[in-house]
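*Asks:* Below: one structure in structure tokens.
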Amino acid sequence: MTIKTIQLKLRANSLISIRQHEIRFLGVTPPISTDSPKESDVKSSESLMSDLVSLNQFESEQERKVRERLLSNIAQLVSKFVHDVSIKSGMSEKVASEAGGRIYTSGSYRLGVHGPGSDIDTICVCPRHIYKEHFFGEFQDMLRAWPAVTEISAVPSAFVPVMKTVISGVEVDLLFARVNLAEAGDKLDIEKDEILRGVDDASQRSLNGPRVTDMILNLVPDVASFRTALRTIRLWAKRRGIYSNVLGFPGGVAWALLTARICQLYPTAAPATIVGKFFPIYYQWGWPQPVILKKIETGPANMQHSVWNPKLDRRDMAHRMPVITPAYPSMCSTHNITASTMSIIKKEMLRAMQITDEILKNPGSSWMGLFERADFFSMYKTYVHVVASASTSDGIKDWSGMVESRIRTLVQDLENTDNIIIAHPQVGGISNVFYTLTEEEQAAASQGEISPELMNRKESDIQGKEGARKIWTKNFFIGLEIEKKPKDGQGSRVLNLFYPSKRFCAACQGWDKYNEMEMSVILRPAKRSDLPPYCFPDGLPKSKKKTKRTQQNGVADVGVGDTGEEPGQGPPKRSKATPSEELSQFPLTNSSENANMISSPLPNGGVPLPNGADPVPPITTTNGSNGKSIIDTEILPPPGIEGLPPLSATSLSGFATAANGVVSHENGKNTDGLVVLNGAQAAS
């Protein structure tokens, strides 16, 4: 018997042993199949895991330890923050020490599907005498005093108030939640719905991050298989450009819920099988029939948080692809999906279904075809180019984020425009910094009109020159599928973007922080051949056969309406944009990425450890060609926490990642501080 055969048998035994326990049926319907994985399923899963490793989807042991140490420091800092504010409020030392202050993680980190360089969503939960003003005041000051913190951007007025930070090279989003309790220590149980009684809407939204994440883990029959499948789905969605809640595609929570539902329908399936079932099921799904993991609950008595209910709420009735969160109050995680993005998602699912069918017919074959990047700038003949510009690097961050948040509304307006079938927003956008010498060049850069000279100019070329300025820009693109010209040649095919552009620019300029002297936004149509060179890897669009159709005003084969004004032009701008720190279109093949991929196999051949933990790559993840670690391994602890007691296992479990494994609540004391599952069996 060969070593390879022995490895396959070990993998099969490992997977099947998990399923020898009583199978728990989870979800709102019985499972479709409870068959154990075949050897071919295990072989396909092995190949899938190998490709995920080669694509650098797992963090190294070094990075994992840094994240854990970093979160422990934040947890202790939050505890000190609550203590200090309690003392200032006149409380005794005993009461202040018992006031607590906990942190919880959510999103990809909590689910254990994060990779190198991923950010961490962290919720700081404080007792009722700690207010948002304290969090964005005293706690922000404590963060700024921490030498490891290199960036802080506070947004207290956001829908979910947040402090975006970079700590020792790790991006950490810190959210605040105030619970209506005198203490927020180890006895705090945020999984119970009663925790939401008496909290404000912002705190409810913050708390539901970890509540939803943990409930997903509790509602899948095999956490390890779920996480491998979800890693696959997330990578596919990102590479195909359909991963962005703000732009009208499913976000991280929605993709996790969709994957979890397939796991419920196939509770004993191997990861490759789950992925193979994912695409045909959702391609043929009877939308707007909702995807739910458990029965929607109305919550405790006398609690007024709004629950998703299309029978009572017309807004809920309008959701095209509803994917509902399981924790009270249940919400639609896909409410942003438009007619265009729904059509694009279904097309991508059809493509993925065809690819995975072929992969599963040949067990052990590569999955790389599934992860091929979408070539957005070869998909359409006509595009809408949105340019947001600002005069400073800090200014472009908030301004471009606000402009991006309005893109979805623009897409909906374009969908309602004559002759437009689909409006396809590009995910991510492209940031640039231009170095200008004249006011004319500044105006051109702000409007996306980039000459070769301006494109190639470096910062050193403008140093010491009078009138020289930097222009920061963030560029967003929307591909347009236009109705074909009638065969008889009759009928108007004018593309009039005046109304959507005017409405979009007005919405952006209505922002309370908008400064017309420092910021600008412009929208204009463009043929593919007229797109800026930074849209293409080699600076030039792929050659296409020219059509015989008349081309007007630089717009493919349709004309811009004769409105008497420049289409999409807002008022004169003096804003500045962001330079080409990112000529960031990803390559369309995997060849250029392979240089930095982890090539050595995972320990134990990629089989999850007994508690469902990831096998960890044995080498350090690096960033770029310089070979340096993405993160700073030497974390200086925040000042003032030296004398604090070590964190309890209960506290550690609140911000642990499922990548380290999970334990069942029935298993007794959780001395290692792992994620605890209360509602379903752990992967043990």
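*Asks:* Which values, in whole Å and largest first, are the semi-axes of the equivalent ellipsoid of region 409-494 obtained as the square root of 5 times each eigenvalue of the Cα gyration tensor? It would help to have the intermediate numbers written out before the result.
*Replies:* Numbers: eigenvalues 296, 43, 21 Å².
Those come to 38, 15, 10 Å.
*Asks:* Measuring with a 1.4 Å probe in the full set of protein chains, what accessible area per residue, in whole Å², belongs to region 277-417? It would help to have the intermediate numbers written out before the result.
*Replies:* Details: 6190 Å² over 141 residues.
Each residue of region 277-417 exposes 44 Å² on average to a 1.4 Å probe.
*Asks:* Separate question: For region 157-251, just list the percent of Cα-Cα distances falling in each 5 Å bin from zero outward, please.
*Replies:* Percent of Cα pairs in each bin: 2, 10, 14, 16, 20, 20, 12, 5, 1, 0.
*Asks:* Between region 204-281 and region 311-325, what is the C-alpha centre distance in whole Å?
*Replies:* Taking the Cα centre of region 311-325 as reference, the centre of region 204-281 is 20 Å away.
*Asks:* Here's a follow-up. By the scheme Lys and Arg +1, Asp and Glu -1, what is the net charge of all other residues having a beta-carbon under 13 Å from that of Leu265? Working shown, then result.
*Replies:* Working: positive: Arg261, Lys277; negative: Asp35, Asp222.
Surrounding charge for Leu265 is 0.
*Asks:* If N is the number of residues in region 210-277, what value comes out of its Cα radius of gyration divided by 2.2 N^0.38 Å?
*Replies:* Details: Rg = 11.7 Å, N = 68, 2.2 N^0.38 = 10.9 Å.
Output field value: 1.07.
*Asks:* Set the bar at 19 Å for Cα to Cα. Now go through Lys347/Lys487; Lys88/Lys132; Lys397/Lys470; Lys485/Lys527; Lys238/Lys346; Lys397/Lys458 and name every pair that lies beyond it. Write down the numbers at each step before the final one.
*Replies:* On the way: Lys347/Lys487 26 Å; Lys88/Lys132 16 Å; Lys397/Lys470 15 Å; Lys485/Lys527 17 Å; Lys238/Lys346 15 Å; Lys397/Lys458 22 Å.
Flagged as over cut-off: Lys347/Lys487; Lys397/Lys458.
*Asks:* Okay, moving on. How large is the accessible surface per residue of region 70-150, computed with a 1.4 Å probe and reported in Å² as a whole number? Walk me through the numbers on the way to the answer.
*Replies:* Working: 2750 Å² over 81 residues.
Spelled out: the 1.4 Å probe surface of region 70-150, per residue, equals 34 Å².
*Asks:* Defining a contact as two alpha carbons under 8 Å apart and six or more residues distant in sequence, what relative contact order in percent does region 18-120 show? Could the numbers behind the result be given before it?
*Replies:* On the way: 47 pairs, mean separation 27.4, N = 103.
It comes to 27 percent, rounded to a whole number.
*Asks:* Over every pair of different alpha-carbon atoms in region 392-433, take the mean of 1/r and invert it; report that Kirkwood radius in Å. Numbers along the way, then the final one.
*Replies:* Details: mean 1/r = 0.0843 Å⁻¹.
Answer for region 392-433: a Kirkwood hydrodynamic radius of 11.9 Å.
*Asks:* For region 85-190, count the residues as N, evaluate 2.2 N^0.38 Å, and divide the Cα radius of gyration by that value, please.
*Replies:* On the way: Rg = 14.6 Å, N = 106, 2.2 N^0.38 = 12.9 Å.
Here the Cα radius of gyration is 1.12 times the empirical estimate.
The values are calculated or read from the model by the stated rules, or taken from the named source; none is laboratory data. Just so it is clear, the structure is predicted and the values come from calculations on it, not from any experiment. Here the Cβ is made from the backbone with ideal geometry for all residues, glycine too, and neighbour counts use every protein chain on show. Heavy atoms of the whole protein, side chains included, go into the accessibility calculation; ligands, DNA and RNA do not. Shrake-Rupley method; radii C 1.70, N 1.55, O 1.52, S 1.80 Å.
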